[in-house]
Structures are given as C-alpha cells and as structure tokens.
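The values are calculated or read from the model by the stated rules, or taken from the named source; none is laboratory data. In this text the structure is predicted, and so the values were computed from the model without any measurement. Here the Cβ positions follow ideal geometry from the backbone for every residue, glycine too, while neighbour counts run over all protein chains shown. We work out accessible area using only protein heavy atoms, side chains counted, and drop any ligands, DNA or RNA first. Shrake-Rupley method; radii C 1.70, N 1.55, O 1.52, S 1.80 Å.
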2 protein chains.
Amino acid sequence: MATATTSPRIDGGRLLERLATLGEVGSTGDGGCARLALTDDDRAGRDLVVTWMRDLGLDVRIDQVGNIIATFAGTEPELAPVMCGSHIDTVRTGGRYDGNYGVLAGLEVIESWLAVGLRPRRSLAVGVFTGEEGARFAPDMLGSLVYVGGLGIDEAHDALDAAGVRLADELDSIGYHGDTPCPGPTPHAFVELHIEQGPVLEADGVTIGAVTGVQGISWQELTITGQSNHAGTTPMALRHDPSVVVAELTMFVRRLTQQLGGHQVGTVGRVELFPNLINVIPARAVMTVDLRNTDPDRLRVAESAFADECRMLEQSEGVTIERRSLARFDPVEFDATMVDAVERVAGDLDLSVERLPSGAGHDAQMLARVCPAGMIFVPSVGEISHNPAEHTSPADLEAGANVLAVLLAELAELGAAG
Amino acid sequence: MATATTSPRIDGGRLLERLATLGEVGSTGDGGCARLALTDDDRAGRDLVVTWMRDLGLDVRIDQVGNIIATFAGTEPELAPVMCGSHIDTVRTGGRYDGNYGVLAGLEVIESWLAVGLRPRRSLAVGVFTGEEGARFAPDMLGSLVYVGGLGIDEAHDALDAAGVRLADELDSIGYHGDTPCPGPTPHAFVELHIEQGPVLEADGVTIGAVTGVQGISWQELTITGQSNHAGTTPMALRHDPSVVVAELTMFVRRLTQQLGGHQVGTVGRVELFPNLINVIPARAVMTVDLRNTDPDRLRVAESAFADECRMLEQSEGVTIERRSLARFDPVEFDATMVDAVERVAGDLDLSVERLPSGAGHDAQMLARVCPAGMIFVPSVGEISHNPAEHTSPADLEAGANVLAVLLAELAELGAAG
C-alpha cells in the first residue's frame with residue numbers, strides 16, 4: 001500500500017443530487033425504487049449513469065454479462081487499475097441508497113479529482129455490476145461473480161427468472177449485452193462503499209464501519225408436492241397438505257436460528273401455493289429459505305439440520321420435497337490491510353469508526369477472490385433496507401464518500417505522478 | 001309428497017357423453033377443467049348447456065345474477081315447479097363431475113321422459129347456479145344465495161375478484177346478465193344430485209348417499225402487516241415477519257382441528273407474501289382460512305379460538321392482523337321427508353344406500369332456506385375432488401341419475417295427468 005495520500009474533499013451536494021435523480025428512475029412513489037435487474041427501469045437507470053460517466057470523459061465498456069466498467073485513465077494506464085463500485089439494480093421494493101451510493105460516490109471521487117486537475121498513477125475503474133440483488137435472477141452478486149470467473153458466461157446467460165425469461169435475452173432486449181470479455185481484468189484492489197443495512201453503526205453512534213467480512217449465504221428453493229383435494233370433505237388425518245409443510249419448515253427455520261444463536265439468521269421470503277384457492281388443499285407449494293452465518297461451520301450445521309427436517313416431514317406428512325440450491329457462498333474475510341486502511345483513513349478524517357461484519361452479501365466479496373478487497377459502511381437509519389423507507393443522513397453519506405476518496409487516492413497513488 | 005311413481009330409466013350412455021363433451025370446455029389437458037365463474041371458458045360451457053336445453057324445447061331464462069333456469073312445462077304450469085340442478089363453474093384445477101353431473105342429469109331425466117311422451121303435473125326446472133365454487137367471487141354458492149333472496153342483487157353485482165374485476169361487468173362481458181328478477185320463484189321442492197367429494201361411500205362400498213345436511217362454513221381472509229427488511233442484516237429478535245405469522249396460524253389451524261375432533265376441518269389454501277422475494281422479510285401477507293363443522297356450536301368455538309390466536313400473535317410478533325369474513329354459513333339440516341325419500345327410492349331401485357352429511361357446501365343448502373331440499377350423493381373414487389383426477393364410475397353415475405329421475409317423478413307427479 002502507498003504511503004498516506006490526500007484527496008480533495010468530495011462535493012456532498014452534487015453526490016446527493018445524483019442519488020436523488022437516480023432514485024426517480026423506477027420510483028415507487030413512496031421514496032423507494034423498483035429497478036429489478038435487466039428490466040426497462042434498470043435500463044433507464046443504466047442509461048442515466050452511463051451518460052454521467054461519459055460526461056466525465058471516462059472510457060465506458062459493457063462486458064458480456066452487462067457489467068458497466070467506466071475507467072478514468074491513470075498516468076501509467078498499463079498498471080492494474082484500482083476499482084470501486086457496486087450495483088444499481090434493486091429488489092422489488094428497494095430504497096435509493098443500496099448499491100447506487102457506491103457507484104455514484106465513485107463517480108463523485110473522479111469528478112472531485114478532475115475539478116482540481118489531479119490524475120492518479122494507476123487508472124481508477126468504477127464498476128456497475130449486473131444483478132447483485134438476486135431478486136430476479138439467481139444467484140445474487142451474479143455480475144461480479146462472472147467478472148471474477150466464479151461463474152461461466154454461458155451458465156450466467158442461461159439463468160432464468162421466475163417467468164422463465166433468459167438472462168441473455170434480457171441483456172439483448174435492454175441493449176446491455178456487451179462484448180468486453182468475462183472474466184474481466186484483475187484489479188490492483190477493490191473498494192465498495194455501501195450503507196450498512198443493519199442496526200450496528202446507528203446503535204453505537206458511529207459514522208464509519210470498517211467491514212471485516214461478509215456472512216455466508218445459503219439460498220434454497222423447495223418444491224413440496226402433496227395431494228390436492230377438497231377443503232371441506234377431506235378428513236384431517238388423510239391430508240398431504242403442502243401448505244402445512246411450508247408452515248412447519250418456516251417455524252423450523254425460526255427454531256433453528258434460536259438454537260444456533262450468534263449471527264445465524266433465516267428467512268422464508270417467498271411462498272407460492274398451487275392452485276392457491278381458499279377451498280382447495282394445495283397440490284404443491286414453492287418456498288425459499290435464506291440462511292446466513294458469519295461462521296462457515298455453523299452455516300453448514302444449519303443447512304444440514306434443515307435438510308434433516310425436510311426428510312422427516314416427507315415421512316410424517318406424506319409429501320415429497322425437492323430442494324434446489326439457488327446460491328451458496330461461504331463467509332468471506334476481507335484483506336486485513338484493507339480493513340486496517342479503512343479504519344486509519346476514517347480516523348485521519350476525524351470520523352468515528354468501528355469494525356463489523358456485513359450481514360448482507362456484496363459485490364466486494366466476489367472481488368475478494370482475485371484481489372485485496374474492502375468495504376466502507378455508513379449507518380442506516382432505523383436499520384431499514386430493501387424498503388422504500390431506507391435512509392442515511394446526508395452528513396454520513398458525505399463522510400463515507402470522503403473516506404472512499406482518500407482510500408482510492410492512496411491505492412491509485414493520486415498525484416504521485418500527476 | 002305424492003305416492004310412489006315410476007320413471008323410465010335414464011340413458012346412461014347419453015349422460016356420460018354429455019359429461020365428456022362439457023368436460024372438454026376449459027379442459028386442462030389432464031382430464032380436468034378450469035372454468036372459473038364468468039370467464040370465457042365458463043361462457044363456453046354455459047353456451048353448450050343452453051344449446052342442449054333449447055334442443056330439448058325447454059323454456060330457458062337467465063336471471064339478474066346469471067343463473068340459468070330451464071323449465072319443462074308441466075300439465076299444470078301454474079303450480080310451483082319442482083327444481084333440480086347444480087352448477088358448472090369449477091375451481092382452477094377442477095374435475096369433470098363436480099356440479100356438471102347434477103345439471104346434466106336433470107336434462108337427462110327430462111329427455112328420458114320426452115322420449116316416452118311423459119309430462120309431469122308440476123313443471124320441472126333445471127337450475128345452473130352462478131359461481132358456486134367461490135373460487136373467483138366470494139361468497140361461494142353466490143348464485144343460489146341470490147336466487148333465494150339471501151344476498152341482494154346489488155351486493156352480488158358489486159362482488160370483486162382478486163384482480164378487482166366486478167361481477168356485474170363480467171356478467172355483461174360474457175352475455176349472461178339476464179333480466180329475470182332475483183330472488184326467483186319458490187320451488188315446490190329442490191333436489192341436487194352430486195358426487196360425494198369425500199371418502200365415505202367408497203370406503204363403505206355403498207352406491208347412494210342420502211345427504212342429511214351440510215357442514216357449516218366459515219371463510220376468512222387475513223391481511224398481516226409487519227415490517228419489511230433485509231433478510232441478511234436484520235437480527236431475528238428485531239423482526240416483525242408476516243411469513244412467520246402465516247406459519248404460526250397454519251399450525252394453529254391444524255392443532256385446533258385436533259383439539260376439537262369430530263367433523264372439524266380447517267385449511268389454509270391461499271397464501272401470498274409481498275414482495276415475495278427470497279432475501280426480503282415480507283412487508284405483508286394475505287392468507288385465507290376455511291373452517292367447517294357440522295355442529296354450529298363447535299364451529300363458533302373454532303372461529304373464536306382462531307380470533308384469540310390472531311390477537312395473541314399481534315402482540316407477540318408485533319404485527320397487525322386484519323380479518324375479513326368472505327363467507328359464513330351455519331350448518332344446514334335437509335328436510336327429513338326428502339332424506340327419507342332418497343333412501344326409499346334408492347332401496348326401491350335395489351341400490352345400496354346410507355345417510356351421511358356433506359363436507360362441501362352445495363347450492364341445495366341455499367334452496368333449503370325456502371323449500372324442502374335434499375341431495376343424492378354417488379361415490380368419489382379415491383375421495384378426490386377439486387382435482388383433475390376426480391372420478392366416479394359410469395355405473396354409479398347412472399345409478400344416481402336413476403334415483404334422481406324417480407324422485408323428481410314423484411315430486412312433480414309424472415304421468416299423474418300426462
């Protein structure tokens with residue numbers, strides 16, 4: 001890592017204005033955004049961000065999985081670039097900061113350097129990764145996973161959404177099926193600035209989080225097949241009811257998190273019954289289970305206990321349960337040098353800082369497979385995220401972007417040969 | 001009741017052929033039918049049945065709620081008519097016999113009388129009642145309820161389906177918004193022939209069921225509002241998760257049926273989560289509960305215990321639960337003379353017969369409010385109904401129609417003045 005470097009302060013007002021403008025694209029009318037990956041709203045958001053990138057004179061490339069990589073050339077462009085970035089896709093009822101903040105703060109850092117005529121030694125790339133949320137195409141963090149070679153481009157292209165639409169067809173449809181090859185060039189280092197989406201920083205009254213790593217994630221989809229029948233005439237003892245099995249498994253997930261304690265969380269976020277009518281015992285149910293833990297061994301214990309419970313219910317309820325893994329990522333520990341650097345830079349800027357793990361998955365955990373990667377968190381008000389009410393104070397948004405600016409200036413050696 | 005009257009045997013082949021032909025309308029390709037009330041498929045089924053009615057020379061009237069009433073004039077048409085019938089709407093994954101059988105058997109009885117030049121003293125009307133299943137518009141048995149004046153025509157017209165479409169608009173759209181006033185004329189008596197949709201007759205090896213009454217039904221829709229949040233970052237103890245509350249209530253319904261025993265059944269057939277994504281704790285859930293019992297007091301106990309559980313969960317889970325009654329019918333006991341008559345006629349025809357209650361709701365329970373009403377059941381193979389695999393043997397279908405024929409001949413005094 002380079003010796004301490006300074007960076008001009010970023011322009012907080014300009015950053016907030018861009019966040020507000022991007023937040024209008026796919027606006028849900030209640031302060032939130034709906035820009036599911038590769039929809040027309042996602043295209044509109046991408047078009048806006050690409051326009052801003054071009055206005056800054058950046059070299060904008062679209063790769064084969066639709067990742068947007070905008071590069072501010074350094075004075076020695078043959079060196080591996082430093083990279084920052086995040087994503088701009090959202091869940092169906094998303095907020096304005098999740099992802100957008102990391103992307104637009106990257107552009108803001110470049111604009112603040114351009115404003116004073118500074119150029120770094122290493123090029124600085126801002127990445128907008130495709131389908132980070134996984135809310136439309138599984139797995140989540142798909143774009144960054146493909147970028148680092150963790151998923152083949154053909155397999156990614158064949159990913160289907162719930163309606164059976166193919167990812168490659170949607171890339172074509174919105175005009176973001178680029179030809180820059182995947183996997184992409186290995187960065188010198190990667191930094192992602194993001195809202196915490198959890199309660200820790202706000203509860204502790206701390207402005208900056210130096211993220212130590214990311215929880216492991218296990219996503220499964222279950223298809224439970226029973227016996228459809230009449231809700232009035234079928235005696236309780238003769239039923240094979242998938243709706244009851246969904247309920248048993250949902251309660252099991254809660255008990256499991258209580259038993260394992262610690263950082264174990266579990267969520268049943270999606271349930272569909274077929275035919276889904278008041279007076280018909282369902283023939284079939286589809287449900288998802290999201291299990292996460294910072295401890296890889298405990299996450300495996302949770303998965304194994306859940307699988308055992310499924311097998312037991314198949315016997316006791318007379319149903320069949322097919323399980324399919326939609327995503328599986330072991331917990332990630334970020335490079336210690338990067339965690340230290342975030343902590344030091346925050347301190348240098350007189351900002352309160354603490355170390356914490358991330359409960360959510362992030363593109364940075366994929367980049368951590370190929371280069372030193374780190375994350376900077378800022379507080380989420382009321383710990384609300386994936387929700388239109390998602391909020392972070394303007395002062396904290398500005399503070400986080402200044403930490404990013406100094407860290408990128410160090411990593412890319414701003415002014416070293418400017 | 002008239003003294004014993006004979007009737008010519010019905011033509012089983014002709015009845016089966018009509019059942020098969022109607023079963024092709026809205027066919028799901030797997031032996032089943034999807035003719036949700038007032039859809040284009042329902043219209044096609046209605047058009048077919050009306051064509052058959054007109055071919056028999058019947059007087060066909062459409063009333064204000066879309067009920068089809070086809071009358072075979074008696075020799076003394078000023079007398080109150082005897083009525084039979086059922087419905088031809090289905091659940092989304094329905095079979096070929098539920099409802100259709102009672103309607104087409106009524107036409108078959110008339111055709112068998114016409115074939116030998118017999119005419120009853122009282123007119124015989126065959127009713128096809130709108131929206132019996134309740135699978136699209138609530139309450140179930142809507143058409144027959146309006147026919148007997150149990151629900152006002154304006155209220156029925158304003159019923160909305162899940163997509164917010166108004167019943168009256170769909171009546172207009174499919175051309176079945178008639179002008180015959182509701183409530184309709186009070187019949188002398190009403191008989192409904194139907195498949196059992198339960199296990200009793202098959203298990204006992206009996207051909208004919210003399211139905212003693214119908215279970216009481218309580219249908220509720222619940223909207224559970226919690227706090228949407230990120231599935232990875234939100235500690236379990238801070239969640240207000242509607243998905244968990246759906247699971248708690250589903251398990252409670254099962255425990256309740258175990259505690260109450262007897263004929264108590266309970267079903268959660270419909271569940272929807274919003275936004276229904278793998279990595280988002282839902283903001284809201286909508287679920288339905290179908291509770292039934294032959295004992296009115298026990299049904300009230302079940303409803304009250306369920307309401308208590310909802311209030312308890314509002315406290316313990318920090319959610320709000322809105323409950324809305326979609327349908328509520330007390331148990332019905334059929335006229336003893338009618339039950340006796342079904343039993344006697346079956347015996348006269350050398351068919352095995354037993355008394356049993358109906359687990360499902362039927363149009364006959366609405367007609368029972370205004371005239372002596374009864375029902376004839378035939379066995380369901382494998383007790384399967386509301387399912388494409390619904391089946392009854394041809395011999396049983398024919399036997400049931402012959403019981404109907406003799407009973408209608410008695411009630412309408414066939415040949416008394418023919």
For residue B:278: the one exception among (1) open to solvent by 10 Å² or more (accessible area, probe 1.4 Å); (2) touching a Ser or Thr at 6+ places or on another chain (Cβ under 7 Å); (3) within 14 Å of another protein chain (Cβ to nearest Cβ); (4) modelled with pLDDT of 95 or more: (4)
Failed criterion for residue A:211 (all others in (1) at pLDDT 95 or above; (2) in a helix (DSSP H, G or I) hold): (2)
Per the filter on segment B:220-243, residues modelled with pLDDT under 95 and either more than 9 Å from chain A (Cβ to nearest Cβ) or touching a Phe, Trp or Tyr at 6+ places or on another chain (Cβ under 9 Å) (or both) are B:228, B:237
Which helices (runs of 4 or more DSSP H) does segment B:64-162 wholly contain that include 1 or more residues that are within 14 Å of chain A (Cβ to nearest Cβ)? B:142-147
Take residue B:351 and tell me if it is open to solvent by 10 Å² or more (accessible area, probe 1.4 Å) and not in a strand (DSSP E or B). yes
Against the definition (open to solvent by 10 Å² or more (accessible area, probe 1.4 Å) and in contact (Cβ under 8 Å) with a residue 60 or more places away in the chain), how does residue B:20 come out, yes or no? yes
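Okay, residues lined up against (1) under 21 Å from residue A:230 (Cα atoms); (2) of a type in the set (A, V, I, L, M):
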site	(1), (2)
B:351	no, yes
B:363	yes, no
B:372	no, no
B:381	yes, yes
B:388	yes, no
B:393	yes, no
B:397	yes, yes
B:405	no, yes
B:415	no, no
Within segment A:260-288, restricting attention to residues that are in a strand (DSSP E or B) and within 21 Å of the chain's Cα centre (by Cα), which residue is nearest to residue A:235 (Cα to Cα)? A:288
Members of segment A:310-346 that are of a type in the set (Val, Ile, Thr) and over 30 Å from residue A:376 (Cα atoms): A:319, A:320, A:321
Need the failing condition index for residue A:359 against (1) within 17 Å of the chain's Cα centre (by Cα); (2) among the small types (Gly, Ala, Ser); (3) within 14 Å of chain B (Cβ to nearest Cβ); (4) over 15 Å from residue A:200 (Cβ atoms), just the number. (4)
Could you check how many residues of segment B:119-141 are over 27 Å from residue B:412 (Cβ atoms) and open to solvent by less than 30 Å² (accessible area, probe 1.4 Å)? 7
Kindly evaluate residue B:291 against the criterion of being in a helix (DSSP H, G or I), in contact (Cβ under 8 Å) with a residue 24 or more places away in the chain and not hydroxyl-bearing (Ser, Thr, Tyr). no
Before we move on, is residue A:316 surrounded by fewer than 18 Cβ atoms within 10 Å (Cβ to Cβ), among the polar types (S, T, N, Q) and within 14 Å of chain B (Cβ to nearest Cβ)? yes
Going through segment A:249-267 one residue at a time, which ones are among the polar types (S, T, N, Q), facing another protein chain (nearest Cβ under 8 Å) and open to solvent by 30 Å² or more (accessible area, probe 1.4 Å)? A:258
